[in-house]
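Below is one structure, written out as structure tokens; comments come after it.
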Amino acid sequence: MKFAIITHVVHIKDNNHYLGYAPYVREMNIWLKYVDDVIIVGPVEKKAPSTIDIAYEHDKVHFRKIPNISFTSIKNIFISLFKLPVILWQIFWAMKSADHVHLRCPGNIGLLGCFVQILFPSKIKTAKYAGNWDPKSKQPWTYKLQKYILNNTFLTRNMQVLVYGNWENQSKNVKSFFTATYSDDEKKSIEKSNYDVTEFIFVGSLVQGKNPLYAIQLVEGLIKKEKSVVLNIYGEGIEREALENYIEKNQLERFVFLQGNQTLETVKNAYQKSHFVVLPSKSEGWPKAVAEGMFWSCIPVATSVSCLPYMLDYGNRGILLTMNLEQDLRQIDEILINKDNLVAKSKLAKEWSQQYTTDVFESEIKKLVSK
């Protein structure tokens, strides 16, 4: 089977191998176990690989480089319009020569792929919609357009669209799905009964959308309430300098630590010794950081966006943030006071997340590719 991936993920070429953002490539490597040839249509940048870049694991990867595009300014719009014919041409020929077409959405390249796939109604197709599928959520019009095309059974045929969460009034194209990081072999019981120092962890890009500042403010508020707490932040991004300044200005150097990008194993060890995983994000698809933390018995503290209310069982196995600082501090404080409640929520979080392992994920992917 020849498998075509249409993606906006930026790649790096290193010694004849193509590398990309580790969580995405790690997932795609599971898909690639069940295909003979791979065509990847995506952008490439000349830069050195980082700790969060890994390579595709397949002997027959045919990469079709396309330019990156952006519509964030009038200048970028005009430049991107000139690039569109080349991109559409590459997507078209990749789809034409493939037996199975796989779109990665939402994104600019995914949107173009949504249009081109209409020309191939008989092809077997899947789309991974990694964003928030909630029909009621406020999103850019380009995201809504992708969702409309993918959900429309007249425009999009022979397609399974993998989305996070269960949503009403969706077409037969839409399939509720999940993602996973850890295997069945990694399941183990971690009881976190020692709360002499309560450890919070934030894992994600340091950008406004992920709202790492609010995670710091939550811990700062608990410190003012004389709670013994620390926060470790894993990730990099444009907000790092602002966070460093906030930590210094408010004398939080002994309580909040910016750990930067780290390996999967390092983050895994950090989850195992943390008590709470915090994600005050403005928008999510499947929040892997929350699911990963829960796998290691962390109590999730997250915003009520996308499928997060479902993941947290509407507050029964975690805390849904209101984004009102005093109210959220009160919620956390109430749990910290009641040690039995702490242990119970931690156990519920672990039991739920450990249902979704890479073994289960791979068996579901195999079914999709085999069709």
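Need a quick list: helices (runs of 4 or more DSSP H) entirely within the stretch 230-307 having at least 2 residues that are among the polar types (S, T, N, Q).
Counting at least 2 such residues, we get 264-273.
Identify, please: which residue in the stretch 282-305 is closer than 20 Å to GLN331 by Cβ and surrounded by fewer than 24 Cβ atoms within 10 Å (Cβ to Cβ) and is, among those, modelled with the highest pLDDT?
Within the stretch 282-305, the match that is modelled with the highest pLDDT is THR303.
Which of the residues that make up the stretch 13-29 are at pLDDT 95 or above and aliphatic (A, V, I, L, M)?
Once the filter is applied, which keeps residues that are at pLDDT 95 or above and aliphatic (A, V, I, L, M), the stretch 13-29 yields LEU19, VAL25, MET28.
Being in contact with a strand residue (DSSP E or B) (Cβ under 9 Å, 6 or more places away or on another chain) and within 12 Å of ASN29 (Cα to Cα) is the filter here, so list the residues in the stretch 41-58 that pass it.
Scanning the stretch 41-58 gives ILE54, ALA55, TYR56, HIS58.
Any residue in the stretch 263-292 that is aliphatic (A, V, I, L, M) sitting within a Cβ distance under 6 Å of a residue that is in a loop (DSSP other than H, G, I, E, B)? List the pairs, counting only those 6 or more apart or interchain.
Between residues of the stretch 263-292 that are aliphatic (A, V, I, L, M) and residues that are in a loop (DSSP other than H, G, I, E, B), the close pairs are VAL277/CYS298; LEU279/PRO287; ALA289/GLY204.
Can you report the number of residues in the stretch 111-146 which are touching a strand residue (DSSP E or B) at 6+ places or on another chain (Cβ under 9 Å), of a type in the set (Ser, Thr, Tyr) and modelled with pLDDT of 95 or more?
Matching residues across the stretch 111-146 total 2.
(1) touching a Cys at 6+ places or on another chain (Cβ under 9 Å); (2) at pLDDT below 95: which one isn't true of SER50, the others all being true?
(1)
Report those strands (runs of 3 or more DSSP E) wholly inside the stretch 147-203 carrying at least 1 residues which are at pLDDT below 95, more than 16 Å from the chain's Cα centre (by Cα) and surrounded by fewer than 13 Cβ atoms within 10 Å (Cβ to Cβ).
No strands (runs of 3 or more DSSP E) qualify here.
For the stretch 348-371, name all the residues that are free of Cβ contacts under 8 Å to residues at least 60 places away in the same chain and of a type outside the set (S, T, N, Q).
Scanning the stretch 348-371 gives LEU348, ALA349, GLU351, TRP352, LYS367.
Considering the stretch 1-55 alone, what residues qualify as being under 22 Å from GLU362 (Cα atoms), part of a loop (DSSP other than H, G, I, E, B) and of a type in the set (S, T, N, Q)?
Listed by number, the list holds a single entry, THR7.
Considering only the stretch 154-189, state which residues are within 25 Å of GLY260 (Cα to Cα) and of a type in the set (A, V, I, L, M).
Of everything in the stretch 154-189, just one residue is within 25 Å of GLY260 (Cα to Cα) and of a type in the set (A, V, I, L, M), namely ALA180.
Of all residues being modelled with pLDDT of 90 or more, of a type in the set (Gly, Ala, Ser) and assigned to a helix (DSSP H, G or I) in the stretch 75-100, which is farthest from the chain's Cα centre (by Cα)? Just the residue, please.
Selected residue: SER97.
Can you name every residue in the stretch 317-371 that is among the hydroxyl-bearing types (Ser, Thr, Tyr) and either in contact with a His (Cβ under 7 Å, 6 or more places away or on another chain) or surrounded by 16 or more Cβ atoms within 10 Å (Cβ to Cβ) (or both)?
Listed by number, the residues that qualify are SER346, SER353, TYR356, THR357, THR358.
The values are calculated or read from the model by the stated rules, or taken from the named source; none is laboratory data. From a predicted model like this one, the values you see are computed outputs, not experimental measurements. Please note: Cβ atoms are built from the backbone with ideal geometry, for glycine as well, and neighbour counts cover all protein chains shown.
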